[in-house]
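Q: Quick one: the structure is below, questions incoming.
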């Protein structure tokens, strides 16, 4: 197993430099002006970043308001009978609520759960699975839809939240299965 780990580490160390060299060679073969193409792409990326700033500010404000107003604690107390029924510790509820909103906020909650309960605890294991099996739905929609000017998300929000719910429920199931 040790040799396998060394091979994976070697491949990982080479992946980015090799990808950059391949891109440069491809551009050279196509006779592209690489520096100009790069700066044009960087300029476009900067313009997209400027367009999405208002969406990001709105999301971060809403998240902070929800957490610091005490609404998160109230919601946790209300939903506790349901979480007890599915064997989800109440301390993991804030993570399940935060994950669709903010990756940074969710990572902070996960870190707090692992520090408090330990990585091998039910809470730590469940939080780790949730981090990997759910996504920041509202952030993604704000960034991607905002960057191209789409104002009506239609079914994207519902579909994303259903996927998040499936990830949360599977995290609860798998964590309880193995711990």
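Quick note: the coordinates plus some simple rules give every number you see, no bench work behind them. Everything quoted here is computed from the prediction, not taken from an experiment. Don't worry about glycine lacking a Cβ; one is built from the backbone with ideal geometry, like all the others, and counts go over all protein chains shown.
Q: If one takes the longest principal axis of the Cα atoms in the chain, at what angle in degrees, from 0 to 90 and to the nearest 10, does the Cα axis of helix 156-178 lie?
A: Its long axis makes an angle of about 60 degrees.
Q: Can you put 87, 99 in order, fewest other beta carbons within 10 Å first?
A: If I rank by nearby Cβ atoms, fewest first, I get 87, 99.
Q: Another question, if that's okay. Run the helix sum for the chain: -39,500 (n - 2.57) per DSSP H stretch of 4+ residues, divided by residue count, reported at 222 nm to the nearest 500 deg cm²/dmol.
A: Taken over the chain, the calculation gives -27500 deg cm²/dmol.
Q: Report the gain in length on full extension from residue 13 to residue 174: 0.36 nm times residue separation, minus Cα-Cα distance, nm rounded to one decimal. List each step's numbers first, then the result.
A: Details: separation 161, 0.36 × 161 = 57.96 nm, distance 3.22 nm.
Contour length minus the Cα-Cα distance gives 54.7 nm.
Q: Using only Cα atoms, tell me the angle between helix 2-29 and the longest principal axis of the chain; keep it within 0 to 90° and round to the nearest 10.
A: On a 0 to 90 degree scale, this one is about 40.
Q: I would also like to ask the following. How long is the range 111-150 along each principal axis, judged by its Cα atoms, biggest number first, in Å?
A: In descending order, the Cα extents are 43, 16, 8 Å.
Q: Could you give P(r) for the range 28-112, binned at 10 Å from zero, as whole percent values over all Cα-Cα pairs?
A: 14, 31, 20, 14, 12, 7, 1
Q: Ok, one more. Normalised by the residues of the chain, what does the relative contact order come to in percent, with Cα pairs under 8 Å and at least six apart?
A: Working: 131 pairs, mean separation 36.5, N = 179.
With pairs under 8 Å counted, the relative contact order is 20 percent.
Q: Can I ask one more? Given points 7 Å out from each Cα along the Cα-Cβ axis, report the residue 33 to residue 52 separation in nanometres with one decimal.
A: The modelled label-to-label distance comes out at 2.9 nm.
Q: For the chain, what are Rg and Dmax over the alpha carbons, in angstrom?
A: According to the Cα coordinates of the chain, Rg and Dmax are 21.1, 65 Å.
Q: How many angstrom lie between the C-alpha centres of the range 128-165 and the range 17-59?
A: 24 Å
Q: By how many degrees, 0 to 90 and rounded to 10, does the Cα axis of helix 122-133 deviate from the longest principal axis of the chain?
A: It works out to around 40 degrees.
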